[in-house]
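The values are calculated or read from the model by the stated rules, or taken from the named source; none is laboratory data. Here the structure is a predicted model, which means the values were calculated and not measured. Because the Cβ atoms are built from the backbone with ideal geometry, glycine has one as well, and the counts that use them run over all protein chains shown.
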Amino acid sequence: MSPSSSHPRETSIGLVGAGRRARTHVRELFRLRDQEYLGQNPDDRLLDHPQPLYETYAGTRPDWVEDVSDLRPTVTAVFDPDEEARATTVALCLECGDGAGADDRDEPRAFDAYERFLEEGEYDAVVVSSPNHTHLDVVRPLLERGVDVLCEKPLATTLEDHDELVALASRSDGVFYVAFNMRSHPSYRRLADLLEADVIGELGMISCREVRMPFPDGHYYTQAESGGSLLEKNCHDFDLMNWLVDGDPTRVCAFGGQHVFTENTDVNDHAVVIVEYDSGVRASLDLCLYAPYGEQNPEYRGYRDYVFRGTEGILEGVPDGSNAWKLYTRRRRETFEATGFPGGHGGGDYVQLRNFLRCVRGEEAPPATPTDAKKAAAIAIGAERSIRDGTIVEIDSNYDLLFE
């Protein structure tokens, strides 16, 4: 493996894992590369590309008019043991404009063995989207080589593996970016600003309900490979709660099991989780992975909604894709909308990869640390343990689980 010693204008990206999530990252990388700050046609600039107006007449410039023309990502290496996955992802890169004929680059090089990817691949940074249980073995040699890495969540399926990744990241010269894209989601960034401004006073309770389609086929249905549905799906939510609460989780209790998906799987398809923080905040999460909806029910296609309750009011998410929050106090009713971004997860995927590329260039720091990832995992793994054993699980200051 021979990563570049510096990060030129064009940043080359290696992919580890070439499945569905990796292809989402590919689309967002090329969306970033193809953003036109000023526009090719001068006549279109004022309508489609208003950035020059902000530069000329405004004292500050909002995020949505940020110049990203210096971020020129290209995919140069793809590893996946599955031949079809590799071919599909390479074809997507070419469809998006990568490869021969695009700035005289060769097409992304595909690898069927990880050792060859490490030794022969050419890249400035790596995006890891392989199954959860492979992350430690995949990331370890990259961090030991000082490669900048964005790793999908959860970082690992056990707290012990999280500890090793925390240690590896602390010794590495490379950036280790945890892909908690809810921290980059415009709606939740807006929420963080509102809570920081104390619009609801002192936060006391958080409620989250998530109803969604079943997991895709594959490792998601194996506890040992996914870490369980609450780790796979809701480490995002537990990280969001940890981020917004002024305190650490100390206890978790959960109820759940298998209601519909009971054959050939040991993964829960529903759960109710309660988390207690040392600051006194209580949080709850409901997860349902089997609700019937889809194209036949366009008005009910699954959702994640949040309610934050404080001493002075309530902030309630609007589950309609508008990235808005409704504020209710005794004398005030107001709706706060967040800046929209293109791309998946309400723009969170786009913003996350933009931020990662800025980190690779040494211009920003990752919004979440490996320790943050362990903290979220402690809640998820503790909740899975609570469901299994019928107990309340305590979490210590190192985010390890305590048992009687």
Pairs, please: C-beta under 8 Å, at least 6 apart or cross-chain, first residue under 19 Å from Gly247 (Cβ atoms) and in region 197-217, second assigned to a loop (DSSP other than H, G, I, E, B) and at pLDDT below 95?
-> Leu203/Asp246
What pairs can you find where one residue is in region 253-269 and outside any strand (DSSP E or B), the other is hydrophobic (A, V, I, L, M, F, W, C), and their Cβ atoms are less than 7 Å apart, with a gap of 6+ or different chains?
-> Asn268/Ile387; Asp269/Val260; Asp269/Phe261; Asp269/Leu289
Do we find a residue being at pLDDT 95 or above and in a strand (DSSP E or B) anywhere in region 211-225?
-> no
Does Asp98 meet the test of being part of a loop (DSSP other than H, G, I, E, B), at pLDDT 75 or above and either in contact with a Phe, Trp or Tyr (Cβ under 7 Å, 6 or more places away or on another chain) or charged (D, E, K, R) (or both)?
-> yes
Quick one: Ser172 ticks every box in (1) within 14 Å of the chain's Cα centre (by Cα); (2) hydroxyl-bearing (Ser, Thr, Tyr); (3) modelled with pLDDT of 95 or more bar one, so which box is it?
-> (1)
Single residue of region 183-203 satisfying the filter (surrounded by 13 or more Cβ atoms within 10 Å (Cβ to Cβ) and among the aliphatic types (A, V, I, L, M)) that is nearest to Ala368 (Cα to Cα) = Ala192
Taking the condition of a type outside the set (Asp, Glu), modelled with pLDDT of 95 or more, in the same structural domain as Val272 (by TED's automatic domain parsing) and assigned to a loop (DSSP other than H, G, I, E, B), does Thr339 pass?
-> no
With respect to the numbered conditions (1) free of Cβ contacts under 8 Å to residues at least 40 places away in the same chain; (2) touching a Ser or Thr at 6+ places or on another chain (Cβ under 9 Å); (3) not in a helix (DSSP H, G or I), which one is the sole condition not fulfilled by Glu334?
-> (2)
Scan region 361-385 for residues that are out of contact with any strand residue (DSSP E or B) (no Cβ under 9 Å at 6 or more places or on another chain) and outside any helix (DSSP H, G or I) and report the count.
-> 4
Any hit, region 257-269, residues being aromatic (Phe, Trp, Tyr), modelled with pLDDT under 95 and assigned by TED's automatic domain parsing to the domain that holds Arg330 = no
Look through region 108-126, keep the residues that are out of contact with any Phe, Trp or Tyr (no Cβ under 8 Å at 6 or more places or on another chain) and either crowded, with 17+ Cβ neighbours inside 10 Å or in contact (Cβ under 8 Å) with a residue 40 or more places away in the chain (or both), and return whichever of them is nearest to Phe215 (Cα to Cα).
-> Val126
Members of region 391-402 found to be in a loop (DSSP other than H, G, I, E, B) and in contact with a Ser or Thr (Cβ under 8 Å, 6 or more places away or on another chain), listed by number = Ile392, Tyr399
Filter result (among the aromatic types (Phe, Trp, Tyr) and out of contact with any Asp or Glu (no Cβ under 7 Å at 6 or more places or on another chain)) within region 165-207 = Phe176, Tyr177, Tyr188
Within region 204-253, restricting attention to residues that are crowded, with 18+ Cβ neighbours inside 10 Å and among the acidic types (Asp, Glu), which residue is nearest to Asp389 (Cα to Cα)?
-> Glu232
Which residue out of Arg358, Arg388 is without any contact (Cβ under 8 Å) to a residue 12 or more places away in the chain and part of a helix (DSSP H, G or I)?
-> Arg388
Need at least 2 residues that are at pLDDT below 75 per element, so show me which helices (runs of 4 or more DSSP H) inside region 1-70 make the cut, counting only ones lying wholly within it.
-> 45-48, 51-57
Answer yes or no as to whether Asn268 is buried (at least 18 other Cβ atoms within 10 Å of the Cβ) and among the polar types (S, T, N, Q).
-> yes
Evaluation of Ser386 against (1) under 28 Å from Val211 (Cα atoms); (2) within 18 Å of the chain's Cα centre (by Cα); (3) polar (S, T, N, Q) (one fails), failing number | (2)
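A quick yes/no check of all residues on (1) of a type outside the set (Ser, Thr, Tyr); (2) surrounded by fewer than 18 Cβ atoms within 10 Å (Cβ to Cβ):
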| position | (1), (2) |
| --- | --- |
| Tyr306 | no, no |
| Ala324 | yes, yes |
| Gly347 | yes, no |
| Arg354 | yes, no |
| Ala365 | yes, yes |
| Gly382 | yes, no |
| Ile387 | yes, no |
| Leu402 | yes, yes |
Exactly one of (1) at pLDDT below 95; (2) part of a helix (DSSP H, G or I) is unmet by Thr88. Its number?
-> (1)
Count of residues meeting criterion [crowded, with 24+ Cβ neighbours inside 10 Å and free of Cβ contacts under 8 Å to residues at least 60 places away in the same chain] in region 150-166 | 1
